[in-house]
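The values are calculated or read from the model by the stated rules, or taken from the named source; none is laboratory data. A quick note: this is a predicted structure, and the numbers were derived from the prediction, not measured. Heads up, the Cβs are rebuilt from the backbone with ideal geometry, glycines too, and the neighbour counts pull from every protein chain shown.
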Amino acid sequence: MVIGKKEMEGGEKYTPSYTPGAVSTGKTFIGKTVEIKGNVTSREEMEIQGKIQGNIEAERAVHIRQEGQVKGNIKAAEVKVEGKVEGDITTKVKTIITPTGKVQGKIITDKLVIEEGAVFRGTVEMGPAPSHATSSKPEAKNG
């Protein structure tokens, strides 16, 4: 798999779409044997193979690998779930749930991809954030 320009195992290609051509600030790996209880904040891409019990806030992509588990809310530019997430996911660009992915919670995203075989239990709010500057209600007329 490709994340950014680094090829990963499995051969599948995945290129985060949130900032094409941007210079990567690095990548944070949470290994298979790592368990974190508490909130995690990152300015880098994150790849999670272990377990996190707490909220995640990342400026870039978060990739929960097949063995990865998150119990908490995730806010990121983009999220790809191959493992398990119990909590809400909020993304600026895209959320992807692969055939091995399981998500229970609310998803707020501009674009959503749920691949065949994926499990999703929850609600979705999709599309760009609504503009509050213009109102679609007609103005009331006096008289």
VAL23, sole failed condition from (1) modelled with pLDDT under 95; (2) closer than 27 Å to GLY127 by Cβ: (2)
Scan of region 53-75 for residues that are out of contact with any strand residue (DSSP E or B) (no Cβ under 7 Å at 6 or more places or on another chain) and acidic (Asp, Glu), ordered by number: GLU67
Residue tally, condition basic (Lys, Arg) and under 12 Å from the mean Cα position of the chain (by Cα), over region 27-64: 1
